[in-house]
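The values are calculated or read from the model by the stated rules, or taken from the named source; none is laboratory data. Since we're looking at a predicted model, the values are computed, not measured. Reconstructed Cβ throughout: ideal geometry from the backbone, glycine too, with neighbour counts over all protein chains shown. The area values use the complete protein model at the heavy-atom level, side chains included, leaving out ligands, DNA and RNA. Shrake-Rupley method; radii C 1.70, N 1.55, O 1.52, S 1.80 Å.
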Amino acid sequence: MPQGTPVVNLEQYRNERDATRFDNSTEIHLHEANPELASFEETRARREALGAAAFTKTPLEQEKRRAELAVESIVRSGAWIEYVRKDYLDRHWNLHDRDAA
Amino acid sequence: MANVLKKALSLITGEEPSEIVLKMPKIRPFRGLTERELIQLESEVGSQLFGLIPEGHRREFFNLDKNTWIWHEEHTDADGAVHATTTRYEIQGNRILKAQDGTKYSYLEGQELQNLAVAVQMYYEKVMRGIYKRDPKTGQKLPS
């Protein structure tokens, strides 16, 4: 059985990919009611600062920053997925309950 | 609502409402999906990120909650024995802990961390757009 984290089939994905490609530099419109998502604005600014400084750092420091960016991206994606999932459940099941009542 | 229908039907048929059996569908056509069903849908998207799934194999890749990602691989060998590996990725502060089958633990680093980040980013884009109908860049709902 495979042990290492699988590698995304980029070629396959690129073929499907449309013009709305995810872009780290794009500003996220924050949901004001969710303070957790608001912190993304700070992480975005930090990412940009780290990116700008990357050219002046050693390979080891650059690798460290790459790792930081990767983790931040994973954290942010997870937070958004959880947020939209809960939003879906709230909207559908609250409507459902209201309808039943 | 059912009473109104019963009454209307009794007026049409001339029979008493008690004699009329109305069978209402138990599942509403626009019933919302449960959290489990949403995750299953997401996992279908996630399983396709890594290319073709070999015949006889089953693959799952999904976000369990905001701090946990799951990758599961399963296949049956020629003798009928099922082999499965479940890997859990847990966000712990600024690191990602990889727990495989509850026995092997390590922090992701180097290329493996980048692989996970790319997979998660792809998953995010496809799930936001395909399942939740949201723009992955802004989080805003897409026009239907």
Under the Karplus relation with 6.51, -1.76 and 1.60 and θ = phi - 60°, whole-Hz ³J(HN,Hα) for the range B:61-68, x at Gly and Pro, equal 8, 7, 8, 7, 8, 5, 10, 9
Return the sequence-ordered ³J(HN,Hα) values of the range A:78-90 in whole Hz as given by the Karplus equation 6.51 cos²θ - 1.76 cosθ + 1.60 applied to θ = phi - 60°, using x for Gly and Pro.
-> x, 5, 5, 4, 5, 5, 6, 5, 5, 4, 4, 5, 4
Contour minus Cα-Cα distance for B:E37 and B:D135 (0.36 nm per residue) | 33.1 nm
What does the average come to when, for each residue of peptide A:64-74, you count the partner chain Cβ atoms lying within 10 Å of its Cβ?
-> 6
From the backbone phi of the range B:72-85, what are the Karplus-calculated ³J(HN,Hα) couplings (6.51 cos²θ - 1.76 cosθ + 1.60, θ = phi - 60°) in whole Hz, Gly and Pro given as x?
-> 10, 10, 8, 8, 10, 7, 4, 8, x, 7, 8, 10, 9, 10
Subtracting the Cα-Cα distance from 0.36 nm times the residue separation, let me have the gained length for B:R58 to B:N94 in nm, one decimal.
-> 9.9 nm
If the chain between B:T86 and B:S106 were fully stretched, how many nm would it gain, using 0.36 nm times the residue separation less the Cα-Cα distance?
-> 5.8 nm
Which residues qualify? For B:F50, with a placed amide H closer than 5 Å and at least 5 residues away or on another chain, they are A:N9
Cα gyration tensor, the range B:46-144 - rounded (a/c under 1.5), prolate or oblate | oblate
Between chains B and A, what is the buried accessible area in Å², counting both sides, with a 1.4 Å probe and ligands, DNA and RNA left out, to the nearest 100?
-> 4900
Can you tell me the FRET efficiency between B:N67 and B:L142 if r is taken as the Cβ-Cβ distance and R0 is 35 Å, rounded to the nearest 0.05?
-> 0.85
How about the range B:96-144: which trypsin sites (Lys or Arg not before Pro) there lie in a loop by DSSP and see at most 14 other Cβ atoms within 10 Å?
-> B:K133
Determine the shape class of the range B:48-97: with a ≥ b ≥ c the square roots of the Cα gyration tensor eigenvalues, call it rounded for a/c under 1.5, and otherwise prolate if a/b is greater than b/c, oblate otherwise.
-> prolate
Once Lys and Arg are counted +1 and Asp and Glu -1 for all other residues with Cβ under 14 Å from that of B:H83, the total becomes -3
